[in-house]
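Heads up: the structure comes next, in structure tokens.
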Amino acid sequence: MSVDIALNRLLWELEVNACPALRQTVLDGWVCRFSEGYTGRANSVMPLHEGTMPVEAKVRIVEGMYRRANLVPLFCLHSGHEPPDLDCFLERRGYRKRVFSNCTTVSIQTTALQGHYDHGSPDLEVTEVPTEAWFDALGTCAGCPPASVTILRRMLQRMVPEAGYALLRDSRGRVVTCGLAVLERRWLGLFTVSTAPEARRRGHGRRLVEGMLAWGQARGANGAYLQVISNNATGHALYRKFGFSEVGTYWYRMTE
């Protein structure tokens, strides 16, 4: 697959803004993020630009910062990362690829927002601020433990782009699916799309995604992006229905 480096770098900037860390600092083109261990993205180094410092010197500084924060040094690398030999350097230094769900890569996907998306379901709500029901759904739908939800509350208070917090209820009024849509620069990012285990394979995820796309399109979005674990066949099948296709990948390298 031919990788559009400029597009991948743009999506990486949008990703940084859509997942606001509790603390972050910029080190010569690398964004170093700290959020008390909740999610890899918010607790890792995300290289945006190559910078001018020697890579080894920057890595040593990074390692000191993360260890002082009682976090494992973690790098989040994507298809357009700079410098291009950083991945190999980290491997030689003893950094291994992080494995989650028996996979080491996440697919970055985009689609153009064309045509009409249905947002007319009375069972779907999208609010501009997160409700208590939305936070509760992170536990029932996404399996997020209470301590992590507490951290995420604080992270979302730092959100700058426009966001939509989506919930879908079943015929009995129970929340079965939740998601987060973040709008910036006419791009709509989809995050935390999750369905309660007992409600899966009933079309709830499709209805939620379509509703979030409609919400973004009504606010001027003309493209959407998301990330899905590379071996998540169910997720890939859902997103293909909306024209999503892979434009790159990202992965983590970590050391003890």
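The values are calculated or read from the model by the stated rules, or taken from the named source; none is laboratory data. The shown structure was predicted, so the numbers you read here are calculated from the model rather than taken from an experiment. All Cβ positions, glycine included, derive from the backbone under ideal geometry; neighbour counts span all protein chains shown. Areas reflect the complete protein model, heavy atoms only, side chains present, ligands, DNA and RNA absent. Shrake-Rupley method; radii C 1.70, N 1.55, O 1.52, S 1.80 Å.
Some notes on this structure:
- Residues in the range 1-13 that are open to solvent by 10 Å² or more (accessible area, probe 1.4 Å) and either in contact with an Asp or Glu (Cβ under 9 Å, 6 or more places away or on another chain) or part of a helix (DSSP H, G or I) (or both): M1, I5, A6, L7, R9, L10, E13.
- Leading residue by the ranking (farthest from V99 (Cα to Cα)) among those in the range 24-38 that are touching a residue at least 24 places away in the same chain (Cβ under 8 Å) and open to solvent by 30 Å² or more (accessible area, probe 1.4 Å): D28
- Only residues that are in contact (Cβ under 8 Å) with a residue 40 or more places away in the chain and surrounded by fewer than 24 Cβ atoms within 10 Å (Cβ to Cβ) were counted in the range 198-212, giving 2.
- Lone unmet requirement of (1) farther than 23 Å from R200 by Cα; (2) in a loop (DSSP other than H, G, I, E, B); (3) without any contact (Cβ under 8 Å) to a residue 24 or more places away in the chain for M159: (3)
- Of all residues in the range 35-61 being on the phi > 0 side of the Ramachandran plot and not β-branched (V, I, T), the one that is modelled with the highest pLDDT: E36
This table checks each residue for (1) touching a helix residue (DSSP H, G or I) at 6+ places or on another chain (Cβ under 9 Å); (2) among the hydroxyl-bearing types (S, T, Y); (3) modelled with pLDDT under 95; (4) in a loop (DSSP other than H, G, I, E, B).
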residue: E15; (1), (2), (3), (4): yes, no, yes, no
residue: R33; (1), (2), (3), (4): yes, no, no, no
residue: E63; (1), (2), (3), (4): no, no, no, no
residue: Y66; (1), (2), (3), (4): yes, yes, no, no
residue: L71; (1), (2), (3), (4): yes, no, no, yes
residue: P83; (1), (2), (3), (4): yes, no, yes, yes
residue: L90; (1), (2), (3), (4): yes, no, no, no
residue: G94; (1), (2), (3), (4): no, no, no, yes
residue: T110; (1), (2), (3), (4): yes, yes, no, no
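- Residue that is nearest to N232 (Cα to Cα) [pool: residues in the range 85-105 that are touching a residue at least 60 places away in the same chain (Cβ under 8 Å) and of a type in the set (K, R)]: R98
- When restricted to residues that are open to solvent by 10 Å² or more (accessible area, probe 1.4 Å) and of a type in the set (A, V, I, L, M), the range 40-66 contains 6.
- With respect to the conditions (1) of a type in the set (G, A, S); (2) touching a Gly at 6+ places or on another chain (Cβ under 8 Å); (3) not in a helix (DSSP H, G or I), G220 falls short on a single one, namely (2).
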